[in-house]
Amino acid sequence: MLQNKGFSKLTKEEKINWITSTYFSNPEEAEKLVKQYWNSNSQLQKLHDEFIENTLTNFYLPLGVAPNFVINDKIYTVPMAIEESSVVAAASKSAKFWAARGGFKATVLGTEKIGQVHFSYSGSFEKLEAFFKKKKSSFYEDTSSITKNMEKRGGGILDIQLVNKTDKLEDYYQLHATFNTKDSMGANFINSCLEQFAKTLEREVNSYEGFSENEKKIQIIMCILSNFVPNCVVRAEVSCKVEELNEDTEISPTEFAEKFVKAVQIAEIEPYRAVTHNKGIMNGIDAVVLATGNDFRAVEAGAHAYASRNGSYSSLSHASIENGVFKFWLDIPLALGTVGGLTSLHPLVKFSLEMLGKPSAEELMKIVAVTGLAQNFAALRSLTTTGIQKGHMKMHIHNILNQFQATKEEKEKVIAYFNDTTVSHSLVVDYLEQIRK
Ligand code: MEV
């Protein structure tokens with residue numbers, strides 16, 4: 001393929017010219033498309049251009065809302081940025097269902113974030129341990145200018161531990177630090193502290209009399225926060241009497257509750273199912289995480305690591321029936337922020353956060369976890385009753401109709417026709433062709 005070594009130095013216009021003339025059979029059309037997605041407000045466009053590097057244009061995702069979420073007795077309309085049809089409808093349906101049964105409860109079980117300095121050292125562990133004990137306070141002192149503001153907000157460094165990992169990897173040690181980053185996700189804060197810890201470690205080791213010249217040759221490998229946050233966890237839950245699960249006429253509440261619990265148990269013990277089950281949870285989680293300007297890759301990585309924390313990949317949610325009461329809950333690690341990062345930069349993120357009543361990070365953890373649980377409830381409810389395709393394809397009809405540029409009248413006819421008939425891509429296309437004849 002063609003290389004363009006000075007690409008990042010080109011202007012946006014030059015970048016587009018190079019891309020369209022290099023890769024497209026019709027460069028004019030490609031250029032027109034790219035520019036069609038520019039915002040006419042040049043200031044707004046510049047803002048988006050500068051979020052990342054080598055920006056050509058904007059890539060739209062719909063921002064939808066799921067109303068009627070009752071969480072700890074407060075009502076929310078939840079913003080969701082997602083491309084998959086039926087996710088928002090499913091969340092809304094669950095929200096309404098549970099609003100009539102006492103709503104969702106959510107509890108933050110912990111907010112601890114983690115970061116590590118990974119380093120090599122070839123001397124004895126006892127000496128290193130003695131050194132660390134003696135010098136531990138220097139790590140706090142040297143980071144005081146970084147932690148000052150965070151401490152004012154009630155956060156900061158919680159602890160720093162020296163960890164010996166030499167049983168897994170030769171000469172490998174860590175400074176394993178825990179943090180409270182309050183309403184910020186904290187990535188910059190944590191990484192800044194860690195990089196200072198590394199400098200302090202090198203300096204203090206070098207001037208420590210207890211080490212030989214050889215032992216002083218520690219090597220800092222890297223300093224970085226961990227996206228595995230098993231102590232930054234929120235629980236979302238719902239419960240009601242089994243007989244209140246009475247919305248589906250095709251199946252009795254008891255049969256539904258039992259099938260539902262069995263479906264969750266399958267996801268608890270069967271990784272193939274657990275991955276899809278958790279994917280359904282992440283449909284809700286990611287959509288809110290994205291709409292509120294948080295890092296969905298970090299959340300995804302952390303959630304799946306948590307789902308495997310006992311050695312085998314398992315369901316993030318759980319369900320039970322005890323004494324005629326159905327319970328369904330989800331524990332999920334969520335390192336989120338409501339200040340810093342994109343939260344004050346992206347106008348739609350600000351919009352989403354204001355719609356949620358400008359929540360603290362802990363409140364947002366609750367909202368996000370509840371949306372995940374609602375999504376999971378909707379998926380399992382369909383799967384254990386009508387099957388997923390019925391609702392899914394109904395929503396998907398719109399995509400198919402748009403793909404074939406159906407008119408308003410055609411859309412109405414097709415939707416009415418498939419109201420009580422099985423939907424498939426080919427059946428919709430066939431019927432559309434039939435109308436058009
Ligand atoms: C589709 O995006 C998500 C589901 O597959 C989740 C599930 O199977 O539980 C419906």
Looking at 183, 159, which one is of a type outside the set (A, V, I, L, M, F, W, C) and touching a residue at least 40 places away in the same chain (Cβ under 8 Å)?
183
Restricting attention to segment 347-381, the residues that are away from the ligand (no atom under 16 Å from the Cβ) and touching a residue at least 60 places away in the same chain (Cβ under 8 Å) number exactly 18
Can you tell me how many residues within segment 52-107 are aromatic (Phe, Trp, Tyr), part of a loop (DSSP other than H, G, I, E, B) and either more than 23 Å from residue 350 (Cβ to Cβ) or open to solvent by less than 70 Å² (accessible area, probe 1.4 Å) (or both)?
0
So is residue 130 assigned to a helix (DSSP H, G or I) and either farther than 24 Å from residue 233 by Cβ or at pLDDT 95 or above (or both) or not?
yes
Out of the residues in segment 388-423 that are modelled with pLDDT under 85 and over 15 Å from residue 89 (Cβ atoms), which is least open to solvent (accessible area, probe 1.4 Å)?
421
Of everything in segment 209-239, what is of a type in the set (Asp, Glu) and assigned to a strand (DSSP E or B)? Give them in sequence order.
237
Assigned by TED's automatic domain parsing to the domain that holds residue 173, closer than 29 Å to residue 331 by Cβ and in contact (Cβ under 8 Å) with a residue 24 or more places away in the chain: is that true of residue 80 in this structure?
no
Quick one: is residue 404 assigned by TED's automatic domain parsing to the domain that holds residue 330 and aromatic (Phe, Trp, Tyr)?
no
Which residues, counting only those in segment 72-99, are within 16 Å of the ligand (Cβ to nearest atom) and among the hydroxyl-bearing types (Ser, Thr, Tyr)?
85, 86, 92, 94
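Give the residue, chosen from 192, 212, that is open to solvent by less than 60 Å² (accessible area, probe 1.4 Å) and closer than 25 Å to residue 294 by Cβ.
192
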Have a look at 257, 298, 287 and point out the one that is assigned by TED's automatic domain parsing to the domain that holds residue 96, in contact with a Ser or Thr (Cβ under 9 Å, 6 or more places away or on another chain) and either within 16 Å of the ligand (Cβ to nearest atom) or in contact (Cβ under 8 Å) with a residue 60 or more places away in the chain (or both).
287
When you scan segment 303-318, do you find a residue that is more than 23 Å from residue 113 (Cα to Cα), surrounded by fewer than 23 Cβ atoms within 10 Å (Cβ to Cβ) and not polar (S, T, N, Q), even just one?
yes
Reported set for segment 344-374 where residues are in a helix (DSSP H, G or I) and open to solvent by 10 Å² or more (accessible area, probe 1.4 Å) is 344, 347, 348, 350, 351, 353, 354, 355, 362, 363, 366
Could you tell me whether any residue of segment 144-165 is crowded, with 17+ Cβ neighbours inside 10 Å and among the basic types (Lys, Arg)?
no
Where residues in segment 401-433 are in a loop (DSSP other than H, G, I, E, B) and not aliphatic (A, V, I, L, M), which of them is nearest to residue 390 (Cα to Cα)?
422
Give just the number: which of (1) under 27 Å from residue 298 (Cβ atoms); (2) in contact with a Gly (Cβ under 8 Å, 6 or more places away or on another chain); (3) not hydrophobic (A, V, I, L, M, F, W, C) does residue 243 not satisfy?
(1)
Per the filter on segment 319-339, residues surrounded by fewer than 18 Cβ atoms within 10 Å (Cβ to Cβ) and assigned to a loop (DSSP other than H, G, I, E, B) are 323, 324
Conditions (1) under 19 Å from the mean Cα position of the chain (by Cα); (2) crowded, with 19+ Cβ neighbours inside 10 Å; (3) of a type in the set (S, T, N, Q) -> residue 116 fails only (1)
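The values are calculated or read from the model by the stated rules, or taken from the named source; none is laboratory data. It should be emphasised that the depicted structure is a prediction, and the values quoted were computed from it without experimental measurement. All Cβ positions, even for glycine, are placed from backbone atoms using ideal geometry, and neighbour counts span all protein chains on display. Surface accessibility is based on the protein's heavy atoms, side chains included, excluding ligands, DNA and RNA. Shrake-Rupley method; radii C 1.70, N 1.55, O 1.52, S 1.80 Å.
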